[in-house]
Structure formats: C-alpha cells, structure tokens
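**Student:** One structure, pasted below without further comment.
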Amino acid sequence: MQYSLITIIKHLLWPAIFLFGVTTYWIGTQNGHPVVAYNIAYFGIAVILFFLERWLPYEQKWQKSDGQLFNDIGHTVLTKGFSQLLATSAALLGLSEFGPESASGFWPTEWPLFFQVVLALIIGELGLYWAHRTAHEWWPAWCWHAVHHSVTKLWFVNTGRFHVLDSLWKSIFALTLATLAGAPKEIIMWVLVITPFIGFLTHCNVDMRCGWLSWVFNTPQLHRWHHSQVVEEGNSNYGENLIIWDTIFGTRYLPADRRPPVDIGCPDPVPTSFLGQIAFPVTAWLKAKA
Ligand SMILES: [Zn+2]
C-alpha cells in the first residue's frame, strides 16, 4: 500500500488530538490549574476539529447545515449544567463532589497514575456500556436516547447532544461503579475529562484512520455504524470511550468491506424544536399509554 503524506496525517490525527487534550490537562494538574487547562484542551480540540472538518471531511453531505446547531449546543450546555448542579447539590449535602476524596476499599493507590486512570476507565466504561445498551434495548430509555440519534449528520457539535435524562442515566451507572470500586476523586476527574475529548473525536466528520485504535477506543469509524438506521448495525458499538466491553459482549461491529450509511437518523418522531426535544420522552411515553 502506498502511503502518501495525507494518509499518514489521517492515521496520526486521532492519537495526536487525544494526546493534545490529555497532555494539556496533565500540565494543568501539575501547575494547580486543572480547570483552566481542561477548558483550553476542550475548546482547543473543538477549534482543531472545526478546521479539520472543512479540510478533511469524511462525508461531504454532512458539511451542510441540519438546522440543529443551537439545539445541539443547548443540549450540551443543559446537560453539562445539570451535571454541575448535581455535583454542587451533592457537595452541599455533605457528600464528596464525585466520589471519595481518597481511595477506599481495594483501589490500588500504589499504582502509577496512568494505570489507575486506565483501571477507572475500564470499570466506568462497564457502566457506560450498559447504560447505553439498555437505552437502545429498553424502550422507555430509548425515548430520551432517541434525541441523540435523531441527528441526520455527525459532526463535533452534536457530541454533547444528549437529553438531560440520558446524561443522568449514564451518570448513575458509571458513578455507581466508580464509587463501588473506591476510586479517588482525582482519578474520577481524569475519566470525566477524557470522556468529552474522546466524544468529540467519536462524532467528528473528519476522515481519520484509526487502525488498531478501534480495538481499544470508541473511534469515529466505529461510531458511524452506531448511528445507522439499520437496527442490526445501530445496535452495536455501545462503548463511550473504550470498545473492549463491546468485544467481550459481542456487540463490536466494523465491516471492512463497505462504508457506514450516509443517511443516518432514527424513525422516531423527535421534534425539531428544542423544547419539543426536551419534552419528547414524556410525550412519547404518554402517546404509548393512550
Ligand atoms: Zn446510541
């Protein structure tokens, strides 16, 4: 196979952007400014992907507006704000913000930071996997997850387009497991920081080549199949950050002989208005009861 410069760049994009985010946050933790560093990394990745989606798009068709820009941002801000509210309420109630300040139980605090973060990612991912899988296979939960799947194109902006109940559902699964495992707050923060970085990469409309990374992480190449309207294709690749639980439970899906569908979406009548989307789970439940 002939490797042109552009092909090499396509192979390097995913690890380069991921490492940019992680390294920036790590420098912040070393200098006592983790929040500033996180924001630089978060918005830095957004800017990088904004330009890459124009230079190296995966689907030309997805470059056109779907009229959902403000709704996508609205859901992102609302779910992030909601998570913050949950954290603040927990702090006011005397609970720790995100799990215990120090490790408890069998958590291996003596391990190097890197391996502790890997362990927390794997454990948290088991919760995220089942939260996502139940949202596809259990109809009442699908009603809020359908808001995410109602998009007709993938790009970095709809990474955070999740109904508030969807985010709550995922948080319950993941944080319960993390707390049970006794992971300290510092490690849980790492998982919470890495998740949106990988999310941006997963949804971006950039022609990245992920190769063996698609056996470890949830990559755009895997996630495009997850947005297929064909149920057998869409009910796959449930991992949020990692793909290992999909491999273990047999839901990893990545055909090598064809491209994922361009016309993505879901058959559910998710409204185009923001308030309609917020109300959608309730309206869908009521309609089903009537
Ligand atoms: Zn899904």
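**Student:** Kindly indicate the residue of segment 133-167 that is within 10 Å of the ligand (Cβ to nearest atom) and open to solvent by less than 20 Å² (accessible area, probe 1.4 Å) and also farthest from GLY234 (Cα to Cα) among those meeting that condition.
**Tutor:** Of everything passing the filter in segment 133-167, ASP166 is farthest from GLY234 (Cα to Cα).
**Student:** Let me ask something else. Answer yes or no as to whether THR251 is out of contact with any strand residue (DSSP E or B) (no Cβ under 7 Å at 6 or more places or on another chain) and over 30 Å from PRO15 (Cα atoms).
**Tutor:** Considered against the rule, which asks whether it is out of contact with any strand residue (DSSP E or B) (no Cβ under 7 Å at 6 or more places or on another chain) and over 30 Å from PRO15 (Cα atoms), THR251 comes out as no.
**Student:** Among (1) touching a residue at least 60 places away in the same chain (Cβ under 8 Å); (2) buried (at least 22 other Cβ atoms within 10 Å of the Cβ), where does THR202 come up short?
**Tutor:** If we test THR202 against (1) touching a residue at least 60 places away in the same chain (Cβ under 8 Å); (2) buried (at least 22 other Cβ atoms within 10 Å of the Cβ), just (1) comes out false.
**Student:** Next up: Is it the case that LEU180 is at pLDDT below 95, surrounded by fewer than 19 Cβ atoms within 10 Å (Cβ to Cβ) and within 16 Å of the ligand (Cβ to nearest atom)?
**Tutor:** Judged against the criteria, LEU180 is not a match.
**Student:** Of the numbered conditions (1) exposed (fewer than 11 other Cβ atoms within 10 Å of the Cβ); (2) part of a helix (DSSP H, G or I), LEU78 fails exactly one; give the number of that condition.
**Tutor:** (1)
**Student:** Between a residue in segment 11-25 that is open to solvent by 30 Å² or more (accessible area, probe 1.4 Å) and any residue that is of a type in the set (D, E, K, R), which pairs come within a Cβ distance under 8 Å, given they are 6 or more apart or on different chains?
**Tutor:** The qualifying pairs are HIS11/ARG209.
**Student:** Looking at the structure I just gave you, is GLY234 within 28 Å of SER171 (Cβ to Cβ), of a type outside the set (Ser, Thr, Tyr) and either surrounded by 16 or more Cβ atoms within 10 Å (Cβ to Cβ) or touching a residue at least 40 places away in the same chain (Cβ under 8 Å) (or both)?
**Tutor:** Working: within 28 Å of SER171 (Cβ to Cβ): yes; of a type outside the set (Ser, Thr, Tyr): yes; either surrounded by 16 or more Cβ atoms within 10 Å (Cβ to Cβ) or touching a residue at least 40 places away in the same chain (Cβ under 8 Å) (or both): yes.
Taking the combined requirement at face value, the residue satisfies it.
**Student:** Looking at segment 121-131 only, could you name the residues that are open to solvent by 10 Å² or more (accessible area, probe 1.4 Å) and among the aliphatic types (A, V, I, L, M)?
**Tutor:** Across segment 121-131, the qualifying residues are LEU121, ILE122, ILE123, LEU126, LEU128.
**Student:** Give the residues of segment 236-251 that are within 16 Å of the ligand (Cβ to nearest atom) and either among the small types (Gly, Ala, Ser) or in a helix (DSSP H, G or I) (or both), sorted by residue number.
**Tutor:** Just the residues of segment 236-251 that are within 16 Å of the ligand (Cβ to nearest atom), to begin with: 236-243, 245-246, 249, 251.
SER236, GLY239, TRP245, ASP246, PHE249, listed by residue number.
**Student:** Sticking with this one: I'd like the full set of residues that are open to solvent by 70 Å² or more (accessible area, probe 1.4 Å) and in contact with a helix residue (DSSP H, G or I) (Cβ under 9 Å, 6 or more places away or on another chain), limited to segment 44-59.
**Tutor:** PHE50, ARG54
**Student:** Of everything in segment 60-72, what is surrounded by 15 or more Cβ atoms within 10 Å (Cβ to Cβ) and at pLDDT below 95? Give them in sequence order.
**Tutor:** ASP66, GLN68, ASN71, ASP72
**Student:** If you don't mind, another one. Considering each of ALA135, ALA178 in turn, give the residue that is farther than 27 Å from PRO269 by Cβ and over 11 Å from the mean Cα position of the chain (by Cα).
**Tutor:** ALA178
**Student:** Name the pairs: first residue in segment 147-166 and more than 14 Å from ARG224 (Cβ to Cβ), second residue more than 12 Å from the ligand (Cβ to nearest atom) and of a type in the set (Phe, Trp, Tyr), Cβ to Cβ under 7 Å, at least 6 apart or on different chains?
**Tutor:** VAL147/PHE280; VAL164/PHE82
**Student:** Also, I was wondering about something else. Scan segment 221-231 residue by residue and report those that are open to solvent by 20 Å² or more (accessible area, probe 1.4 Å) and within 14 Å of the ligand (Cβ to nearest atom).
**Tutor:** Hits for segment 221-231 are GLN229, VAL230, VAL231.
**Student:** Now, a different point. I'm trying to understand the selection: among the residues of segment 243-258, which are in contact (Cβ under 8 Å) with a residue 12 or more places away in the chain and either aliphatic (A, V, I, L, M) or open to solvent by 30 Å² or more (accessible area, probe 1.4 Å) (or both)?
**Tutor:** Of everything in segment 243-258, those that are in contact (Cβ under 8 Å) with a residue 12 or more places away in the chain and either aliphatic (A, V, I, L, M) or open to solvent by 30 Å² or more (accessible area, probe 1.4 Å) (or both) turn out to be ILE243, ILE244, TRP245, THR247, PHE249, ARG252, TYR253, LEU254.
**Student:** Search segment 200-220 for residues being of a type in the set (S, T, N, Q) and within 16 Å of the ligand (Cβ to nearest atom), and hand back the single one that is nearest to the chain's Cα centre (by Cα).
**Tutor:** THR202
The values are calculated or read from the model by the stated rules, or taken from the named source; none is laboratory data. Please read all numbers here as calculations on a predicted model, not as lab measurements. Every residue, glycine among them, receives a Cβ derived from its backbone with ideal geometry; neighbour counts consider all protein chains shown. Keep in mind that these areas ignore ligands, DNA and RNA; they rest on the heavy atoms of the full protein, side chains included. Shrake-Rupley method; radii C 1.70, N 1.55, O 1.52, S 1.80 Å.
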